[in-house]
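The values are calculated or read from the model by the stated rules, or taken from the named source; none is laboratory data. Note that the structure is predicted; figures quoted are calculated from it, not measured. Methodologically, a virtual Cβ is constructed for each residue, glycine included, from the backbone with ideal geometry; neighbour enumeration extends over all protein chains shown. Ligands, DNA and RNA are excluded from the accessible area calculation, which covers all protein heavy atoms including side chains. Shrake-Rupley method; radii C 1.70, N 1.55, O 1.52, S 1.80 Å.
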Amino acid sequence: MGFRDFVNGLGLGKIVAEMSTPRTMPADLQASGIQGTALVRGMTSTNVSFGADFQSNHVVSFELIVTIPDHEPYPLTTNQTVPFMLIGSILPGSTVFVRVDPTNLGRLGIDFSQIIPNALGGGGMSGAMMGGAGIGAAAMAGAVPGGQPMSGDALRESGTAATGVVQQTFSVGSITAPNGDPVLGLIMSITYPGGAPYISKNGQRIPRDKYPLVVPGATFPLKGNPAVPDLWTIDWPAV
């Protein structure tokens, strides 16, 4: 009987697995993991945590449906260490960004730095989504030439053409654009000419007559800046 069999025989295998859960995103996944999203179908506490009692990071078992480019969505159960400040921010029905090991699709890390508002809860727009009228977090942070925010109209005039496929929509609350059009959160797979597709999230102004078109799987023309991945807008005049 090997050591692993001995441990499992004592019922300790699950505990050992939980204790060996990485405390942060593994460096190889951060550097070269496939970017995707995952729908949280279920969550279970493991009673394992790291850090001081009042600010411990808990290991949670997630039941996910994982979506990555060029693959069918697939179910996966994985243990992840959740930062204590995000406890309660992720619930069944939420969508999270993930990075998947290209050599082992059963190994992934949840990117807790890009938590998406609960799609079922209709919560408010996060700071990363304050480009409500059609620009992304990078633009609102001044990550455009000259450090000035760029409007959706200006981006449509001067941006680089791209293609976006809707992966999921999510509520950003009651936020509307200045002209009264609704604002909707979008998770898109974006492809610039000659580039590889990548996943990005953004808050977009949706013209009321175009709202029924914005569903998972729909493809839209975009204008954006390939040097700033989250800086893009749907090119509504071309739709």
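Numbers below:
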quantity	calculated
Exposure of THR160 as accessible area (Å², to 10), given a probe of 1.4 Å and all protein chains	60
Chain lengthening between ASN104 and ALA27 when straightened (0.36 nm per residue, less Cα-Cα)	26.2 nm
Accessible surface of segment 163-239, 1.4 Å probe, proportion on carbon and sulfur as whole %	58
Accessible-area order (highest first, 1.4 angstrom probe) of the listed residues MET25, MET188, MET43	MET43, MET25, MET188
Simple spin-label estimate for ASP70 and ASP153 in nanometres, 7 Å along Cα-Cβ	4.1
